[in-house]
Amino acid sequence: MKTINTLKLIAICVMLTRAAAVFASGNHAGGHAHTEDAIGKAGDAAKVSRTVTVDMSDAMRFNPSSISVKQGETIRLIAKNSGAIKHELVLGTEKELKEHNEVMKKNPEMEHADANMVTVAPGKTGEIIWQFTKAGKVNFACLQPGHYDAGMKGIVTVGGSSMASADTKKETPTVAEPGAMTEGEIRKVDMDNKKITIKHGEIKNLDMPGMTMVFQVKDDAMLSRVKAGDKVRFTAEKMGGAMVVTDIQASP
Ligand SMILES: [Cu+2]
């Protein structure tokens with residue numbers, strides 16, 4: 001029975017992955033800007049105290065799915081994909097992971113690039129270097145469409161004197177202006193593939209929370225107007241399944 005369920009899951013996942021691939025000129029490596037306060041922050045490789053390897057399988061499970069760390073500890077999290085489909089490990093609060101999971105369902109083609117997550121191709125390994133600064137719980141999940149709902153999730157328990165909940169925090173990152181434009185910071189301009197990576201605030205018209213994403217551009221000339229590090233305002237739309245920047249200008 002268990003085997004049958006697992007096989008069904010694999011079949012569903014393969015279907016979902018194919019569906020996503022049809023839509024998609026996207027890849028994915030993201031998280032939310034505000035996540036960092038609650039769950040810790042991107043760690044310094046020189047301060048890594050321990051390496052923890054987490055296996056990701058097509059049975060939609062992480063192994064181990066429960067990890068204990070000390071408060072303040074910097075961990076090198078190796079995500080090993082032993083499956084035949086793409087998986088990812090995303091750190092976040094449960095609320096953020098659920099929210100992000102919904103966004104992924106609506107936009108399977110979205111392409112992220114944040115420090116709190118790594119997307120790993122079948123048979124490969126990836127890593128996240130993360131410092132767990134707050135005592136409490138930090139959740140992790142695979143947000144490839146269907147995987148979280150199939151139970152691909154886990155918990156990091158961060159030991160400390162005060163067991164404060166990781167979920168009690170305010171969400172006030174770089175919030176978008178009331179107007180149509182979204183605030184952002186350019187992370188990368190990819191001339192060859194005509195793509196642009198932007199760490200952005202909430203994109204209201206796309207119902208997209210703040211995170212770092214890779215966009216296509218409507219007009220190639222936009223690529224030469226900005227460079228990594230620039231603060232910008234931009235508009236983005238969904239066109240034929242892809243996220244496309246339709247206007248971009250330097251922030252005043
Ligand atoms: Cu997965």
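Answer rounded, prolate or oblate for segment 182-250, using the Cα gyration tensor with square roots of eigenvalues a ≥ b ≥ c: rounded when a/c is under 1.5, else prolate when a/b is larger than b/c, else oblate. The shape class here is oblate. Summing Lys and Arg as +1 and Asp and Glu as -1 over all other residues whose Cβ lies under 12 Å from the Cβ of Thr53 gives a net charge of +1.
Based on the Cβ-Cβ distance of Met239 and Lys41, what FRET efficiency does E = 1/(1 + (r/R0)^6) give at R0 = 45 Å, to the nearest 0.05? Let's see the in-between values first.
Numbers: r = 34 Å, r/R0 = 0.76.
So, using R0 = 45 Å, E works out to roughly 0.85.
Expressed as a whole percent, the proportion of Cα-Cα pairs in segment 43-126 lying more than 14 Å apart is 69%.
Local charge sum around Val90 (other residues, Cβ-Cβ under 10 Å, Lys/Arg +1, Asp/Glu -1)? Local charge sum for Val90: -2.
Every read-out reported here was derived from the displayed coordinates using simple, explicitly stated rules and does not represent laboratory data. Keep in mind that what you see is a predicted model, and the values were worked out from it rather than measured. Neighbour counts run over all protein chains shown; Cβ positions are idealised from the backbone, glycine included.
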